[in-house]
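Heads up: the structure comes next, in structure tokens.
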Amino acid sequence: MYLFAGLGNIGDKYKNTPHNAGFMFVDQFREYLGYDTLYSVNDWVYDKYLNAELSIGKVGMEEKVLFLKPMTMMNASGLAVRETLNRYDLKASESLVVIHDDLDIPLGEYKIQRNKAPKSHNGINNIKLMIGTSDYLSVRIGVENRVNKDISGEDYVLMKYKDQDLLLLNEVISDACRSLRSHLQV
């Protein structure tokens, strides 16, 4: 079973910002698998214990994939990830796929890598702290597109995308969904 944990911030204030690329990815990937007649995917359900939204994809009666959106804000995502791994008795190295924004990668690009993280990302740092490892697969969605380099990364990732940038982000997420499915053969 795979756990796809998309990172982001909760609330309309953060919708369509670079920092919510992980949420956008798991929403699209969940929908993408849901179109496959092999899978049945349930709706998002808020799990109070996990403090996260959870959706389960099944083949027949067997649970095959979990989709997770921590509702803790980005920088405290690790607890929901750890508790989900524990609940389903999953090993991060075999099952965990974390999807997040990455300022080290230009907008329009992505990387699927193991044991790789951006230079500075508090959500990723918190996951490593909470699960005790960085040995898991990451989908690093490039979001760097600052015209004004005087804008700090912390401020930039919370700014709303312009329409053309949002369109490009959605295109790259679609491509990354196809690549990840092929890579994992789910």
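Using +1 at the Cβ of each Lys and Arg and -1 at the Cβ of each Asp and Glu in region 2-184, identify which of His121, Val143, Thr17 lies farthest towards the dipole's positive end. Farthest towards the positive end: His121. Angle, helix 78-87 long axis vs. longest principal axis of the chain, Cα atoms, 0 to 90°, nearest 10? Its long axis makes an angle of about 10 degrees.
With the cut-off at under 19 Å, measuring from each backbone N in region 113-128 to a point 7 Å along the Cα-to-Cβ line of Glu94 picks out 114-115.
Taking 0.36 nm per residue of separation and subtracting the Cα-Cα distance, what length does fully extending His183 through Gln28 add?
In short, 54.1 nm is gained.
Quick check: the angle from helix 163-184's long axis to the longest principal axis of the chain, C-alpha only, nearest 10 degrees? It is inclined by approximately 40 degrees. Straight-distance candidates among the lysines for linking to Lys160, with alpha-carbon spacing under 21 Å and chain neighbours fewer than 8 residues away dropped: Lys13, Lys15, Lys69, Lys149.
Full extension of the chain between Asp135 and Arg114 gives 6.9 nm of extra length, using 0.36 nm per residue less the Cα-Cα distance.
With a cut-off of at most 16 other beta carbons within 10 Å, and DSSP calling the residue loop, which GluC sites (Glu not before Pro) in region 77-185 qualify? Please list them. Answer by residue number: Glu109. Taking a straight line from the alpha carbon of Lys64, these lysines sit under 16 Å away, with near neighbours fewer than eight places off in the same chain left out: Lys91.
In this entry, region 49-186 is assigned a mean projected area of 8.9 nm², taken as a quarter of its C-alpha convex hull surface. With the convex hull of the Cα atoms taken as the outline of region 17-117, the averaged projected area works out to 7.1 nm². Mind checking the angle between helix 122-131 and the chain's longest principal axis? C-alpha axes, 0 to 90 degrees, to the nearest 10. With both axes taken from Cα atoms, the answer is about 30 degrees. The trypsin sites (Lys or Arg not before Pro) of region 1-99 meeting both criteria, a DSSP state outside H, G, I, E and B (loop) and at most 15 other C-beta atoms within 10 angstrom of the site's C-beta, are Lys15, Lys48, Lys91.
The orientation-averaged projected area of the convex hull spanned by the Cα atoms of region 1-76 comes to 5.2 nm².
Quick note: the coordinates plus some simple rules give every number you see, no bench work behind them. This is a predicted model, so every value here is computed, not measured. Neighbour counts are summed over all protein chains in view; Cβ atoms, including those assigned to glycine, are modelled from backbone coordinates with ideal geometry.
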